[in-house]
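J.: Sharing a structure with you now.
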Amino acid sequence: MQVPFLSFEPQHKPLREAMQNAFARVYDSHWYVLGREVEQFEKEYASFSQVAHAVGVANGLDALVLALRALEIGPGDEVIVPSNTYIATWLAVTQVGATPVPVEPDPATSNLDPACIEAALMPRTRAIMPVHLYGQACRMTEIMNIATRHGLFVIEDNAQAQGASYAGQYTGSFGHVNGTSFYPGKNLGALGDAGAITTNSNDLAQRIRVLRNYGSQRKYYNEVMGYNSRLDELQAALLRVKLPELPTWTLQRQQVAAWYDKHLDGIAGLRLPVVAQGATHVYHLYVIHTEHRDALQQHLTAQGIGTLIHYPVPPHRQQAYHGLDLAAGDYPIATELAATCLSLPIWPGMSEDHVAAVAVAIRNF
């Protein structure tokens, strides 16, 4: 059985008419930037996330950059980041002129380990940026307690975990200001780049609305040096169609993960995802670990099974960050995870037959 890494068809086919109607609504409105669709989606996504405000921006990286700018974090400041994450988390910090300070993950969950944070705090530390990696919520109660004790801001990178929760509270609602991405492959994906910022602060929400629109509230009058980073009106309309489907899609992803857990149980040398107590996992990715990762990936490719590696090179080993003088051996947990991780196919609409075919191929290997 051929099993692609990702298929949009089971999600998109039933929504085809509604999506086309949304396109027609925007087309016929003759208002294409910061109009009613963005305004309504912001309200709907804020309600979904159980926060006071959502502000639509152009993409997930911009969401993190604008969050940092709104908190006035910049040159001379340090931000705690995971050593194990997509590079966008680090890029946001350096784009505002601050310095990322990596902290190792919990090897069981791959998420930032709260127990390691305080040892990395320095006088210039201003914020902690946890990433809900692969769709699992970080241990946010512990992280928020650390931030409170030390007077630090928290900015959640919620790009992979819309709808996940910790201790019954949604990700994207803990931090002072938080970023998410609606890149097409995300659990809630647009049909192009898109992102949003969530916050419970009226003041921060207003600052971000100004920053995303050239630093302006009134056209041609600019209060600060801002950005052109506005959620596209068409993407907002399409996201409004998809948002009500997200809880159902999340349940489907969790069912697929449960099937994987069952069919892959007991395979020697294969480590399956672990969910921390109190956390939920929305399985943006289903990531296994094995020392034989590269050979297994080649075997699965030959069987017509798609896989990806998230992520083959941790940020501290990227050429982009050679200037930070971080040695290759400085972060052994992140390095080991990068060398052993493999993401298996997972998408709403996958059947147990798909999962069983992947599992048989892995057992044969």
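J.: What number of residues within segment 53-86 are touching a Lys or Arg at 6+ places or on another chain (Cβ under 8 Å), assigned to a strand (DSSP E or B) and within 30 Å of Glu233 (Cα to Cα)?
T.: Final tally of qualifying residues: 4.
J.: Another question, then. Restricting the search to segment 226-271, which residues are within 23 Å of Leu285 (Cα to Cα) and among the hydroxyl-bearing types (Ser, Thr, Tyr)?
T.: Thr248, Thr250, Tyr260
J.: Sticking with this one: How many of the residues in segment 326-365 are open to solvent by 50 Å² or more (accessible area, probe 1.4 Å), at pLDDT 95 or above and not in a helix (DSSP H, G or I)?
T.: The number of residues fulfilling the criteria is 1.
J.: Additional query: Filtering segment 48-76 down to residues that are crowded, with 19+ Cβ neighbours inside 10 Å and of a type outside the set (A, V, I, L, M, F, W, C), which residue is nearest to Ser181 (Cα to Cα)?
T.: Initial filter on segment 48-76 (crowded, with 19+ Cβ neighbours inside 10 Å): 48-49, 51, 53-71, 73.
Then keep just the ones that are of a type outside the set (A, V, I, L, M, F, W, C); that gives 49, 53, 56, 59-60, 62, 69.
Working: Ser49: 14, His53: 16, Gly56: 10, Asn59: 6, Gly60: 4, Asp62: 9, Arg69: 18 Å.
Looking at residues that are crowded, with 19+ Cβ neighbours inside 10 Å and of a type outside the set (A, V, I, L, M, F, W, C), I get Gly60.
J.: Same structure, new question: Looking at Asp203, Asp193 in this structure, which one is closer than 16 Å to Val55 by Cβ, part of a loop (DSSP other than H, G, I, E, B) and either open to solvent by 40 Å² or more (accessible area, probe 1.4 Å) or polar (S, T, N, Q) (or both)?
T.: Asp193
J.: Still on this model: Being touching a Gly at 6+ places or on another chain (Cβ under 6 Å), under 30 Å from Ala328 (Cβ atoms) and not aliphatic (A, V, I, L, M) is true for just one of His299, His316, His292, His284. Which residue is that? Show your work before the answer.
T.: Numbers: His299 fails: touching a Gly at 6+ places or on another chain (Cβ under 6 Å); His316 fails: touching a Gly at 6+ places or on another chain (Cβ under 6 Å); His292 fails: touching a Gly at 6+ places or on another chain (Cβ under 6 Å).
It is His284.
J.: Moving on to the next point. Against the conditions (1) in contact with a helix residue (DSSP H, G or I) (Cβ under 8 Å, 6 or more places away or on another chain); (2) in a loop (DSSP other than H, G, I, E, B); (3) not aliphatic (A, V, I, L, M), where does Pro184 fall short? Just the number, please.
T.: Status for Pro184: all satisfied but (1).
J.: Moving to a separate point now. Consider segment 110-136. How many of its residues are closer than 27 Å to Leu246 by Cα and surrounded by fewer than 21 Cβ atoms within 10 Å (Cβ to Cβ)? Spell out the reasoning first.
T.: Within segment 110-136, the subset closer than 27 Å to Leu246 by Cα is 110-112, 129-136.
From what's left, surrounded by fewer than 21 Cβ atoms within 10 Å (Cβ to Cβ): none.
Here the count works out to 0.
J.: Restricting the search to segment 24-47, which residues are open to solvent by 40 Å² or more (accessible area, probe 1.4 Å), closer than 28 Å to Gly172 by Cα and assigned to a helix (DSSP H, G or I)?
T.: Across segment 24-47, the qualifying residues are Arg36, Glu39, Gln40, Lys43, Glu44, Ser47.
J.: Does Glu291 satisfy being within 21 Å of Ala338 (Cα to Cα), in contact (Cβ under 8 Å) with a residue 24 or more places away in the chain and over 18 Å from the mean Cα position of the chain (by Cα)? Talk me through it step by step, then tell me what you get.
T.: Values: within 21 Å of Ala338 (Cα to Cα): yes; in contact (Cβ under 8 Å) with a residue 24 or more places away in the chain: yes; over 18 Å from the mean Cα position of the chain (by Cα): yes.
Here the answer is yes, as Glu291 does meet what is asked.
J.: Follow-up. Need the failing condition index for Gln297 against (1) modelled with pLDDT of 95 or more; (2) open to solvent by 70 Å² or more (accessible area, probe 1.4 Å), just the number.
T.: (2)
J.: Quick check: is even one residue across segment 137-145 part of a loop (DSSP other than H, G, I, E, B), open to solvent by less than 10 Å² (accessible area, probe 1.4 Å) and within 26 Å of Gln206 (Cβ to Cβ)?
T.: The first filter runs over segment 137-145 and keeps only residues part of a loop (DSSP other than H, G, I, E, B), leaving 137-139.
From the residues that got through so far, the ones that are open to solvent by less than 10 Å² (accessible area, probe 1.4 Å) too are 137-138.
Subsequent filtering for residues that are within 26 Å of Gln206 (Cβ to Cβ) retains none.
Among the residues of segment 137-145, not one is part of a loop (DSSP other than H, G, I, E, B), open to solvent by less than 10 Å² (accessible area, probe 1.4 Å) and within 26 Å of Gln206 (Cβ to Cβ), which makes the answer no.
So that you can scan it fast, the table gives a plain yes or no per residue for (1) among the charged types (D, E, K, R); (2) free of Cβ contacts under 8 Å to residues at least 24 places away in the same chain:
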site	(1), (2)
Gly226	no, yes
Arg230	yes, no
Pro244	no, yes
Thr250	no, no
Arg253	yes, no
Trp259	no, no
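J.: Next question, about the same structure. For segment 307-325, give me each residue that is of a type in the set (Phe, Trp, Tyr) and part of a helix (DSSP H, G or I). Give the steps one after another, and end with the answer.
T.: So the first thing to find is which residues in segment 307-325 are of a type in the set (Phe, Trp, Tyr), and the list is 311, 321.
Matches in segment 307-325: Tyr321 only.
J.: Okay, next question. Out of segment 80-104, which residues are open to solvent by less than 10 Å² (accessible area, probe 1.4 Å) and farther than 18 Å from Gly175 by Cβ?
T.: Residue satisfying the conditions is Ser83 alone.
J.: Out of Tyr311, Tyr321, Tyr283, Tyr331, which single residue is in contact with a strand residue (DSSP E or B) (Cβ under 7 Å, 6 or more places away or on another chain) and among the hydroxyl-bearing types (Ser, Thr, Tyr)?
T.: So the residue among Tyr311, Tyr321, Tyr283, Tyr331 that is in contact with a strand residue (DSSP E or B) (Cβ under 7 Å, 6 or more places away or on another chain) and among the hydroxyl-bearing types (Ser, Thr, Tyr) is Tyr331.
J.: Something else now. Could you tell me how many of the residues in segment 147-172 are open to solvent by 10 Å² or more (accessible area, probe 1.4 Å) and either over 30 Å from Pro10 (Cα atoms) or not hydrophobic (A, V, I, L, M, F, W, C) (or both)? Give the steps one after another, and end with the answer.
T.: Start the filter on segment 147-172 by keeping residues that are open to solvent by 10 Å² or more (accessible area, probe 1.4 Å), which leaves 148-153, 157, 159-160, 163, 165-170.
Filter once more, keeping what is either over 30 Å from Pro10 (Cα atoms) or not hydrophobic (A, V, I, L, M, F, W, C) (or both): 148-153, 157, 160, 163, 165-170.
Going through segment 147-172 one residue at a time, the tally reaches 15.
J.: Same structure, new question: Need pairs with beta-carbon distance below 8 Å; first residue more than 19 Å from Tyr134 (Cα to Cα) and open to solvent by less than 20 Å² (accessible area, probe 1.4 Å) and within segment 303-316, second outside any loop (DSSP other than H, G, I, E, B) and among the acidic types (Asp, Glu); sequence gap 6+ or separate chains.
T.: Within 8 Å, no pair qualifies.
J.: If you go through segment 233-262, how many residues are touching an Asp or Glu at 6+ places or on another chain (Cβ under 9 Å), under 19 Å from Met19 (Cβ atoms) and either open to solvent by 70 Å² or more (accessible area, probe 1.4 Å) or among the polar types (S, T, N, Q) (or both)?
T.: So the count comes out to 2.
J.: Of the residues Pro114, Pro82, only one is closer than 16 Å to Asp330 by Cβ and touching a residue at least 24 places away in the same chain (Cβ under 8 Å); which?
T.: Numbers: Pro114 fails: closer than 16 Å to Asp330 by Cβ.
On inspection, the qualifying residue turns out to be Pro82.
The values are calculated or read from the model by the stated rules, or taken from the named source; none is laboratory data. Note that the structure is predicted; figures quoted are calculated from it, not measured. We place every Cβ from the backbone using ideal geometry, glycine too, and count neighbours over all the protein chains shown. These accessible areas exclude ligands, DNA and RNA; they are computed on the full protein's heavy atoms, side chains included. Shrake-Rupley method; radii C 1.70, N 1.55, O 1.52, S 1.80 Å.
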